[in-house]
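S.K.: The structure that follows is given in the form of structure tokens.
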Amino acid sequence: MKILDNLFDPGPDIYYSVKFRNVLEDHLTWLKSHPDNITLTIEPMMAYKYAGDIVGVFQENNVPAHLHWIAMRMNGLINPSDYTEDMTVLIVPSRATVDKLRNTYASQSKLKK
């Protein structure tokens, strides 16, 4: 087992840029109601275990790291520690939906240069 195999993959840098996160915030209402969203049902014991740590919940449910922030926002959280044990149903955007926004953002950014 190589140590590099266990490293956390944060995903593409664009998902962490302030400008792209502003775009995601602008589309938050649309994202929340998108038909391709994934609904995670969290077992009460897992919710209790990860109270105050939504990242742990996302990791346990194999949500890609680059979607953690937008999924957190879609569930009304500002900080990962805002997660409480009574939150047993979470919505997560589909990767394809967020990728479409990213592609549109990236192509518009190139046009403005």
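S.K.: In whole Hz, what ³J(HN,Hα) sequence does the stretch 58-67 give by Karplus (6.51, -1.76, 1.60; θ = phi - 60°), x for Gly and Pro?
M.R.: Computed from phi, the couplings for the stretch 58-67 are 5, 5, 4, 9, 6, 7, x, 4, 5, 9 Hz.
S.K.: Taking only the alpha carbons of the chain, what extent do you get along each of the three principal axes, in Å, biggest first?
M.R.: Ordered largest first, the chain gives principal extents of 49, 40, 23 Å.
S.K.: For the chain, what is the calculated [θ] at 222 nm in deg cm²/dmol (nearest 500), taking -39500 (n - 2.57) for each run of four or more DSSP H residues and dividing by its residue count?
M.R.: Calculated at 222 nm, the ellipticity per residue is -13000 deg cm²/dmol.
S.K.: In nm, to one decimal, how far is the Val23 label point from the Thr41 one, both placed 7 Å along Cα→Cβ?
M.R.: Here the answer is 3.5 nm between the modelled labels.
S.K.: Determine Rg/Rh for the stretch 38-100; Rg is computed over alpha-carbon atoms and Rh is the Kirkwood hydrodynamic estimate from the same atoms. Intermediate results must be reported in sequence, preceding the final value.
M.R.: Numbers: Rg = 10.8 Å, Rh = 11.5 Å.
Dividing the radius of gyration by the Kirkwood radius yields 0.94.
S.K.: Please list the non-local residues whose amide H lies under 5 Å from the amide H of Ile38, H modeled 1.01 Å from N, same-chain partners needing a gap of 5 or more.
M.R.: Here Val92, Ser94 satisfy the definition.
S.K.: Something else now. Given a Förster distance of 25 Å, report the FRET efficiency between Ser33 and Glu85 from their Cβ-Cβ distance, rounded to the nearest 0.05.
M.R.: Rounded to the nearest 0.05, the efficiency is 0.45.
S.K.: Where does each of 74-86, 55-67 land if you order them by average Cβ count within 10 Å, highest first?
M.R.: 55-67, 74-86
Values in this text are rule-based calculations from the coordinates and carry no lab data. What you are looking at is a predicted structure, and each value in this text was computed from that prediction instead of being measured. A quick note on method: Cβ atoms are made from the backbone with ideal geometry, for glycine too, and the neighbour counts reach across all protein chains shown.
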